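What follows is a single structure, written as structure tokens, with notes after it.
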Ligand code: ATP
Ligand code: MG
């Protein structure tokens, strides 16, 4: 029996960059050779070029205590200074840092000078509340400028932020506050979501009112929603009052390159979220490098929009640290894509002439579901580059994205990375790579990845297996907060080579296939890989096949126990809006089973296909297959705390067990 993931995919479309794009691109092909000849030296040079070190480093990588890495360890810098003051000092104070757009249509423009001034004041506020270097600060805010200002103010004084996505419950807040022993929570009264104010401060109050002692001394509250809130005297402070009296000057002190910058919890797709720790110099180097090269950033002219919430790693690395280190102009949008109307995002692109747009496949598929007439109603001609992150992007969605949003010409970069990797690890470079829809393609310059069998042997081109990173990288996680054992166990034990010194490899937890050219195709999480009659099948491939059928908008596939085949393929599909009444679920079932069978082979034909109206997703839009597997196998559904809508699982269970 093969330990590899059977290769089933036959996507052959190719898209080379235009000669015009290539001629003006930031990254040129020689970069790969330069990085490969001496990766450490390559990163050291990038770091010196992209950042300003107060004390230059002399040592690049210290891997003596693997898997605990140190990068640039004897250097000192201030992360916030690198994102703010130095651009002002260089004469770019008038450049717009953020075009902020509130959901109800209010807006604010912050230049680099404005943002620097706000962060300086906020840093003084934090200090006046007793926050010191190394203290943890929880941030629970909507997508308003104060979210970015808070993060940078915390970084500026050497404290450590833990941003908690604004949709999380009181339980999720409390467990994160306790895990990190946060001294301060920064929140807002409420924020706008789907046309109304959704309260935040009351959720923080609930979190802190839960049983047991907690470490929080103050709650700093930004006024945004103007909803009624309760007030705990002594503990609660208004942001605007503190800011009004704060000192305006603040000198940024330099910290060690390995000084902790933030803790961020993973999305919990495969289990209990892990508190991932990132530090300063290496993280900022790789986020700045990848932001500039993957997105082909021309800081003077581009308008960059990454739609991720700052509560996710994508928001940390590609709304806050990477783009600001590069002096980019960005859009920051508070609300949901469809409020107050389904074309809201496209309206924002038209308004601010967004040139680089970075979003997730789940969003793209939901736009496909409503059809191209919505984006076609807006002028999207400013767009010159598109990015995707979060899940494998199925080729149908890739083509739609390029045709409808990118006018059939914009290159697409499909970026593979994780909370743990801190920055992009695998992606095309837009002026160099000939794109293959559905493939994340090549490791970044300076990064080495491979695909291995369970036993640790390279699978070689044309086969599938487990994705690993074979050498340490600057923005790698430095640990799981408070749990070094789990850090080693989860990521480093699988491919530890006993006897060999420092030959630890990072196990990413994702399945991948190398095609004949050695390009990487992500196949979904290893935990989600199915074994049907001895064949290892990928969820991503079968889902792609289902979505390529014109009646399907979205699909999720899991392996459920089966007495004859070991596991059987079970699919959950959402039909496109105009198809919902066109056929019965039985008809859809028949059509789609034969479609998968024709496209991939009889082995991949789903045993069952359930037509549903929703799929269980995390708040960052990832499908939680483990919950669907629970349902498909008739088990009690596991931990749902990071689910966007907890009622979804009930609806799906009821449907499956015939109650509706
Ligand atoms: P947990 O680790 O708690 O289960 P999570 O893995 O969903 O949660 P994140 O760090 O937000 O948390 O997501 C990283 C994962 O997202 C990757 O391991 C991969 O499975 C998936 N992913 C991200 N980008 C891509 C991409 N471009 N192509 C394929 N998969 C991707
Ligand atoms: Mg993960």
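Any read-out appearing in this document is the output of simple, stated calculations on the displayed coordinates, not a laboratory observation. As the structure is a computational prediction, the values presented were derived from the model and not from experiment. Glycine gets a Cβ as well: all are built from the backbone with ideal geometry, and neighbour counts include every protein chain shown.
The figures follow:
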item: Meets criteria (crowded, with 19+ Cβ neighbours inside 10 Å and in a helix (DSSP H, G or I)) for residue 324; result: yes
item: Count - residues of the range 108-139 that are in contact with a strand residue (DSSP E or B) (Cβ under 9 Å, 6 or more places away or on another chain) and within 16 Å of residue 217 (Cβ to Cβ); result: 11
item: Matching residues in the range 426-449 - criterion: being closer than 17 Å to residue 504 by Cβ and surrounded by fewer than 20 Cβ atoms within 10 Å (Cβ to Cβ); result: 448
item: Elements of type strands (runs of 3 or more DSSP E) contained in the range 493-562, each with 3 or more residues being more than 13 Å from residue 604 (Cβ to Cβ) and away from ligand 2 (no atom under 16 Å from the Cβ); result: 552-562
item: Long-range neighbours under 7 Å by Cβ, at least six apart or interchain, first residue without any contact (Cβ under 8 Å) to a residue 24 or more places away in the chain within the range 88-112, second exposed (fewer than 13 other Cβ atoms within 10 Å of the Cβ); result: 111/94
item: Hits in the range 312-335 - residues which are out of contact with any strand residue (DSSP E or B) (no Cβ under 6 Å at 6 or more places or on another chain) and more than 16 Å from ligand 2 (Cβ to nearest atom); result: 315, 320, 321, 322, 324, 325, 326, 327
item: 2 or more residues touching a residue at least 40 places away in the same chain (Cβ under 8 Å), closer than 25 Å to residue 322 by Cβ and within 16 Å of ligand 1 (Cβ to nearest atom): qualifying helices (runs of 4 or more DSSP H) within the range 352-430; result: 361-370, 395-400
item: Residue match in the range 190-202 (condition: touching a helix residue (DSSP H, G or I) at 6+ places or on another chain (Cβ under 6 Å), surrounded by fewer than 23 Cβ atoms within 10 Å (Cβ to Cβ) and closer than 24 Å to residue 143 by Cβ); result: no
item: Pairs with Cβ under 8 Å, 6+ apart, first in the range 250-271 and touching a residue at least 60 places away in the same chain (Cβ under 8 Å) and at positive phi, second within 14 Å of ligand 1 (Cβ to nearest atom) and part of a strand (DSSP E or B); result: 268/618
item: Residue in the range 15-52 that is surrounded by the fewest Cβ atoms within 10 Å (Cβ to Cβ), counting only those that are in contact with a strand residue (DSSP E or B) (Cβ under 7 Å, 6 or more places away or on another chain) and touching a residue at least 60 places away in the same chain (Cβ under 8 Å); result: 15
item: Which listed residue, of 319, 331, 310, is within 28 Å of residue 257 (Cβ to Cβ), under 20 Å from the mean Cα position of the chain (by Cα) and not in a helix (DSSP H, G or I); result: 310
item: Test: residue in the range 573-582 that is under 25 Å from the mean Cα position of the chain (by Cα) and away from ligand 2 (no atom under 16 Å from the Cβ); result: yes
item: Scan of the range 600-625 for residues that are crowded, with 19+ Cβ neighbours inside 10 Å and away from ligand 2 (no atom under 16 Å from the Cβ), ordered by number; result: 600, 604, 605, 606, 609, 610, 611, 612, 615, 616
item: Residue selected from the range 261-272 under the condition in contact with a strand residue (DSSP E or B) (Cβ under 8 Å, 6 or more places away or on another chain) and more than 9 Å from ligand 2 (Cβ to nearest atom), by the criterion nearest to residue 527 (Cα to Cα); result: 265
item: Top-ranked residue in the range 508-521 [being away from ligand 1 (no atom under 11 Å from the Cβ) and over 13 Å from residue 540 (Cα atoms); ranked as surrounded by the most Cβ atoms within 10 Å (Cβ to Cβ)]; result: 514
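A quick yes/no check of all residues on (1) within 16 Å of ligand 1 (Cβ to nearest atom); (2) within 20 Å of residue 367 (Cβ to Cβ); (3) surrounded by fewer than 21 Cβ atoms within 10 Å (Cβ to Cβ):
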{"residue": "523", "(1), (2), (3)": "yes, no, no"}
{"residue": "552", "(1), (2), (3)": "no, yes, no"}
{"residue": "558", "(1), (2), (3)": "yes, no, no"}
{"residue": "564", "(1), (2), (3)": "no, no, yes"}
{"residue": "594", "(1), (2), (3)": "no, no, yes"}
{"residue": "627", "(1), (2), (3)": "yes, no, no"}
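The rows are residues; the columns are (1) closer than 26 Å to residue 335 by Cβ; (2) in contact (Cβ under 8 Å) with a residue 60 or more places away in the chain; (3) buried (at least 21 other Cβ atoms within 10 Å of the Cβ).
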position: 159; (1), (2), (3): no, no, yes
position: 162; (1), (2), (3): yes, yes, yes
position: 208; (1), (2), (3): no, no, no
position: 224; (1), (2), (3): yes, yes, yes
position: 231; (1), (2), (3): no, no, no
position: 235; (1), (2), (3): no, no, no
position: 238; (1), (2), (3): yes, no, no
position: 242; (1), (2), (3): no, yes, no
